[in-house]
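To start, the structure itself, in C-alpha cells.
The values are calculated or read from the model by the stated rules, or taken from the named source; none is laboratory data. Quantities reported herein were computed from a predicted structural model and do not represent experimental measurements. Neighbour counts are summed over all protein chains in view; Cβ atoms, including those assigned to glycine, are modelled from backbone coordinates with ideal geometry. All accessible areas refer to the heavy atoms of the entire protein, side chains included, with ligands and DNA or RNA removed. Shrake-Rupley method; radii C 1.70, N 1.55, O 1.52, S 1.80 Å.
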Amino acid sequence: MDNKAHKNITKLHKEKLGLDIPEDFFNTSKDSILNAVAENKQRTVFTLRPIISYAVAASIILLLGIGYWLQNNTSQINPDINNTEEFSSLIMDAEDFLVSSLMIDDKDINTYMDAFILNEIIVEAELEEQALENIFINSIFIEDSIINIFIEDSLIENVVL
Amino acid sequence: MNSEAQLIENLKNPKLKNEAFKELLDIYQERLYWHIRKIVVTHDNANDVLQNTFINVFKGIPNFKANSTLHTWMYRIAYNESIRYLKKNKFKLLQSISNETDYLKNLTEDIYFNGEDVQLKLHNIISKLSEKQKRVFQMKYFDDLSFREISEILNISENTLKSSYYSAVKTIEEKIII
C-alpha cells in the first residue's frame, strides 16, 4: 500500500501554518467517527425494512383503489340507462323537443340528445317499414295494367322522398 | 496481494469490515484531517467534514471499484465533502474563505490557530493565490501528494497542475523574501 508515514504531518502544519488541534484529538475523533458510522448503519437498517412494508401497503391500496374504481364505474353506467329511459319517456310525452330540452340540466344534455336521436331513428325506421308494407297491401287492389305505374309512384313518394 | 488490496477486501467482508475500518482510520484519519483543515480553515469545520468523509467512505466501500487507489479515492471524497460543506454554509464560509481579509479573520479567530507573524505571512500569501494554485500547492507541499494523485483528486491534467504549482512556489518565494 502507498502508506506514506505522515508522522510529522501535524508537526509540519503547526510549524509552517500555526494550525493546532485539541489534545488527543485523533483518538477522540476516531471514537466519535466509529460511533457516527455505527449510528448511521443502524439508521440505514431501520430505513430499509419499512421499504418492503411500504411496497406491500402500496399494493393493497392499489388493489382496493382498482376495486373501488371498477365498482364506481359500473354504478355510473346504470344511472345512464335509467336516465335514457326517463329521457325517452320525456321525449314521447313532450311534443316539442326544443321545449322539453329546456327542462334538462346542462350536465345531462348529452345523454338526453343521445336518447332523442335514438328515438327519432327508431320511429322513423318503423314508419318507413310501415309505408313499404302499405305499398304492397294496396298493390293487391290495383289492376295488373296499372300496377307498374302505382309501384313506381308509391316508391318514389315513400322511399325515395 | 498487497496490503491495500487486502484492506479493501477486508472492508468489503461483512465479518472483517469493522476491524478493517478501524485500521483505515488509523492510517488515513490524520492525513485527511489536515487536507480538510486547509480547505475549511477552522478546526470545528474540519472535524465535522472529517466525520462526514468517513461516513461516506464506509457507505461507499461496497461500490469501490479500485479504478483509482484507495488513497486518492478517499482524498477525493474528503475534497468533495469539504467543498460541499463550504457551499452548504456559503453565506458564512465560502465568500469569507475566498476573500483574503475574511480568510485571515476566520483563521485568527479560531482558538486552534497559534501562528505568529511568520505563519500569518505565509497564510496571507497563500490566500492571495488563485484557487487552483492554492489547492495544488497545499496538496503537494503539505499533504505530500504526487502530481498524478492530485490530478486524480481534482480532475485536472498533470501539466496544468505542474504549471500552477511552480507558479505558486515562485510567488510565495518572492513574497517571503520581500
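Checked against the criterion of being outside any helix (DSSP H, G or I) and under 22 Å from residue A:9 (Cβ atoms), the candidates B:111, B:176 yield just one match: B:111. Kindly check whether there is at least one residue in the stretch B:29-46 that is in contact with a His (Cβ under 9 Å, 6 or more places away or on another chain), farther than 20 Å from residue A:15 by Cα and at the interface with chain A (Cβ under 9 Å from one of its Cβ atoms). No. Scanning the stretch B:8-44 for residues that are of a type in the set (S, T, N, Q), part of a helix (DSSP H, G or I) and under 23 Å from the mean Cα position of the chain (by Cα) yields a total of 1. Every test in (1) open to solvent by 70 Å² or more (accessible area, probe 1.4 Å); (2) within 14 Å of chain A (Cβ to nearest Cβ); (3) of a type in the set (Gly, Ala, Ser) is passed by residue B:163 save one, and that test is (2). Can you name the residue in the stretch A:12-35 that is under 24 Å from residue B:22 (Cβ atoms) and among the charged types (D, E, K, R) and is also nearest to the other protein chains (Cβ to nearest Cβ) among such residues? Looking at residues that are under 24 Å from residue B:22 (Cβ atoms) and among the charged types (D, E, K, R), I get A:30. Could you please let me know if residue B:101 is modelled with pLDDT under 90, farther than 21 Å from residue B:76 by Cα and within 14 Å of another protein chain (Cβ to nearest Cβ)? Criteria not met by residue B:101.
Looking at this structure, is residue B:5 of a type in the set (A, V, I, L, M, F, W, C), more than 24 Å from residue A:16 (Cβ to Cβ) and more than 10 Å from chain A (Cβ to nearest Cβ)?
Here the answer is no, as residue B:5 does not meet what is asked.
Scanning the stretch B:50-71 turns up at least one residue that is more than 8 Å from every other protein chain (Cβ to nearest Cβ), open to solvent by 20 Å² or more (accessible area, probe 1.4 Å) and either within 29 Å of residue B:115 (Cβ to Cβ) or touching a Cys at 6+ places or on another chain (Cβ under 7 Å) (or both).
Listed conditions (1) more than 14 Å from every other protein chain (Cβ to nearest Cβ); (2) free of Cβ contacts under 8 Å to residues at least 40 places away in the same chain are all met by residue B:171, apart from (2). Determine, yes or no, whether residue B:126 is modelled with pLDDT under 80 and aliphatic (A, V, I, L, M). So residue B:126 fails the test. Scanning the stretch B:13-23 for residues that are open to solvent by less than 10 Å² (accessible area, probe 1.4 Å) and within 10 Å of chain A (Cβ to nearest Cβ) returns a single hit, B:21. Considering each of A:61, A:21, A:51 in turn, give the residue that is at pLDDT 85 or above and loosely packed, with under 14 Cβ neighbours inside 10 Å. The unique qualifying residue is A:61. Scanning the stretch A:85-107 for any residue that is modelled with pLDDT of 75 or more and surrounded by 11 or more Cβ atoms within 10 Å (Cβ to Cβ) turns up nothing. Scanning the stretch B:127-155 for residues that are open to solvent by less than 80 Å² (accessible area, probe 1.4 Å) and over 15 Å from the mean Cα position of the chain (by Cα) yields B:127, B:129, B:130.
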